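Peer 1: The structure's right below; bear with me while I get my questions together.
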Amino acid sequence: MRAYRVLIPALALLAACSDPAAKSNAQIPPLAQPSRAAPGDALTMKSSFAPVVKRAAPAVVNISSKRLVRQRADPFWEMFGMGAPRERIQGSLGSGVIVRADGIVVTNNHVVEGGQEITVALADRREYTARVLLADPRTDLAVLKIDVGNERLPTLAIDDSGEAQVGDLVLAIGDPFGVGQTVTNGIISALNRTADPNGDAANAYIQTDAAINPGNSGGALVDMDGDLIGVNSFILSRSGTSSGVGFAVPAAIVKRVVETAAGGGQAVVRPWLGARTQTVTAEIARSMGMGVPQGALVADIWPDGPAARAGLRQGDVIVSVDGRPAVDAAAVSYAISSRRPGDTLRLGVRRGSGEQSLTLRAEAPPATPARDQQVISGRNPFDGATVVNLSPAVADELGIDPFTRKGVLVTNISRGFAMNAGLRPGDLIRKVNGREIGAVRELVSALGSGGGQWQVTIERNGQEISANFRT
C-alpha cells in the first residue's frame, strides 16, 4: 500500500479524537478509501518524504565514464605531414540504480557509451570499476556489473505494474552537476509520451516536473513506496537545465533490459505487431464515424505476421491493448514492444461500426532474408560502404520502416569512393546498371561486371535517385 494512501485518513481520525466537540461526529474511515487524495490540512502539508528517501537513496549511485578521444590536427598542416592527431581524455558523469543485490546497476546508455573506464560510486562513497553487460541505444539503457564479492547491496524494486497515474507524487534521485546525491520531488505530468530525442516511436516515456539536471541521467524516478517506476533519461529545455519537462524510461522497459542482461543476452528482442499503423487524426475519425480521434489505423499487414495470424485487417482501428486505451500508433507500438516474445495480448479493435477483441501472440520480427552484412571494396561507387540485407529484424534494430519489404540497406560509410559519391547510411540500393538489387549477393555480382561505368539508383526518404559514376 502506498504511504500517502493511509496518511490523510489517519491524521483526520487523530484530529477528530482529540477534539471533544468532534467526537460525537467522528467516524472511523472505512477500509475502502480512495487510493489518492490531495493534502487536506496544515498537519498533512508538513509531512515529509524522508521515509521514502531513506529507503530508496542507498540504491542510487554515481557513475563516471572516461574515454580516449582523438582530435584531428589542423588540416593545413596535415597536408605537409606536420600535424598529428591529438589525444585527450573525455569524461561524463551520470547516475545509476542498483537493481540486484549482487551488483547489477542500470543507467542510461549515453552516460557510459564508448567508455573505456567506468566507475560506480555507491551512496557511502565506496568506488568500484564496472563492466557493461548490455547496452541498448534504442531505449538509452545500459546494464553494468560491479564485483562486490559476497556482499549484498541495497536495491530498488522495479515496479512494472503499470499502476502509475498522472498526478502521482514522485521523487527524482541522482547526482546533478556532480554535487552529490540530490533528491527532487514533483508529480507524474504525463504518461506514454513519445517525445523521443532520437525519433523512435517504439519508446513511450513518463513525463515529470521533478527537477532533472545534467548528471541526473540514469538516476531513479521513484513512487511513494520507494519503488523504481522509471530511469531518468532526458529533458526538454532551452537553457540546458531543468524547466520542469523531464522524461524517464518506464519500469516495464527497464525490467526487460535488466532481465535480458542478467540472463546473458546481448540484445533486447522486441516483439512487433507485423502491421503498419498510423495515428487516428480528427479527420480520419470523422471519415470513419468515430466520436473521438483515438487509436491506431491499420494501413498494411505483413504476410503471415503476428497481426495477420491474429485476424487484423486493413482498415481496422486498434483502440486498446490489454484493456488499456491506445491513444495513438506510438502507444500501440510501445505496448507491444515492451512485452516478451511469446506473451499474448488482447487487442480491442474497431471494425466498421462495431468492436471486437482479438488475441495477438507477441513475436520477434523475422530475420528473413538472412543478414549477410558486408563491407564493399574495390573500384566501384560503393567502395567503403557497409551494406546489409533488409529484413523486419534489421529494420527494427535500426528503427526504420520494415514495410520497405526488401532491398539492400547502407548502414555505414567509411573512407572510400562511397563517401565521395554522396551515399548515406539509410540509403536503399535499388538498381545497379539496370539490374534490380534485392540482396547483398546480387549487389556483389553486379559490381563484379561493371567495367568502370555505373548507373546507380537508390531510394532515400521515399524518393528514388539515379546517378552515373565512372571509377
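Peer 1: Below 12 Å, Cα to Cα, which aspartates and glutamates can Lys145 reach? Residues fewer than 8 away in the same chain don't count.
Peer 2: Cα-Cα hits under 12 Å: Asp102.
Peer 1: Can you list the residues, at least 5 places off or on another chain, whose amide H is less than 5 Å from the amide H of Asp343, using H built in the peptide plane?
Peer 2: Long-range HN contacts for Asp343: Ala362.
Peer 1: Answer rounded, prolate or oblate for segment 105-152, using the Cα gyration tensor with square roots of eigenvalues a ≥ b ≥ c: rounded when a/c is under 1.5, else prolate when a/b is larger than b/c, else oblate.
Peer 2: prolate
Peer 1: So, one more: Sort 222-233, 166-177, 248-259 for me by packing, meaning the mean count of neighbouring Cβ atoms within 10 Å per residue, highest on top.
Peer 2: Going from most to least packed, we get 222-233, 248-259, 166-177.
Peer 1: Search the structure for amide H atoms under 5 Å from the amide H of Gly407, placed 1.01 Å from N in the peptide plane, and list their residues when 5 or more places away or on another chain.
Peer 2: Under 5 Å from the amide H of Gly407: Leu390.
Peer 1: Another question, if that's okay. Can you pull the three principal axis extents for the Cα set of segment 288-330, in Å, largest first?
Peer 2: Principal extents (largest minus smallest coordinate, Cα): 32, 23, 17 Å.
Peer 1: Can you check what the Kirkwood hydrodynamic radius comes to for segment 211-299, Cα pairs only, in Å to one decimal?
Peer 2: Result for segment 211-299 stands at 16.6 Å.
Peer 1: Now for a separate question. Throw me the Rg/Rh for segment 317-471, computed over C-alpha atoms with Kirkwood Rh, two decimals.
Peer 2: Across segment 317-471, the Cα-based Rg/Rh ratio is 1.13.
Peer 1: Considering the convex hull of the alpha carbon atoms of segment 166-265, report its projected area averaged over all viewing directions, in nm², one decimal.
Peer 2: On the way: hull surface 27.3 nm².
Seen from a random direction, the Cα hull of segment 166-265 projects 6.8 nm² on average.
Here, each number is a calculation from the coordinates, and none is a lab measurement. Because the structure is a prediction, the values reported are computed rather than measured. For neighbour counting, all protein chains shown are included, and Cβ atoms are generated from backbone atoms with ideal geometry for every residue, glycine included.
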